[in-house]
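The values are calculated or read from the model by the stated rules, or taken from the named source; none is laboratory data. Note that the structure is a prediction, hence the values are computed from the model and not measured. Here the Cβ positions follow ideal geometry from the backbone for every residue, glycine too, while neighbour counts run over all protein chains shown. Please note that ligands, DNA and RNA were not included when accessible areas were found on the heavy atoms of the full protein model with its side chains. Shrake-Rupley method; radii C 1.70, N 1.55, O 1.52, S 1.80 Å.
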Amino acid sequence: MLISGSRNQHEKGTAQMATAKRSTEIAKRTQIQEAKATRDELEEALAGAGVLLPSLGLDALSLASDYLPPLVDLGRCNPDTARKLAAALREITR
């Protein structure tokens, strides 16, 4: 049987844990929104250079992780697309 002081401490601790969990969830949602915006920005920039990365997206493992920030997954592409990307990068570094 819990005494009154212990019960109050337990309830306070539970409330603090719930608040921390909500803060973590909000931070993760914000990170995901930022990752989506970055992915969209990259997709637009690549399209402007004539490059389409068909698998461009967000990394599912990092989205589900409590420890990793959301990652932009550049995915895979065929050699022609890789050449276009290389050419676009060379062009901007001149």
What are the residues in segment 37-51 that are open to solvent by less than 90 Å² (accessible area, probe 1.4 Å) and either at pLDDT below 80 or closer than 17 Å to Gly75 by Cβ (or both), if any?
Thr38, Arg39, Asp40, Leu42, Glu43, Ala45, Leu46, Ala47, Ala49, Val51
Could you tell me whether any residue of segment 61-69 is open to solvent by 70 Å² or more (accessible area, probe 1.4 Å) and among the polar types (S, T, N, Q)?
no
Please determine, by comparing only the residues of segment 17-36 that are under 18 Å from Ala60 (Cβ atoms) and aliphatic (A, V, I, L, M), which one is surrounded by the most Cβ atoms within 10 Å (Cβ to Cβ).
Ala35
With the structure loaded, tell me whether Leu68 is within 16 Å of the chain's Cα centre (by Cα) and part of a loop (DSSP other than H, G, I, E, B) or whether it fails that test.
yes
Out of Arg76, Arg83, which single residue is basic (Lys, Arg), open to solvent by 50 Å² or more (accessible area, probe 1.4 Å) and assigned to a helix (DSSP H, G or I)?
Arg83
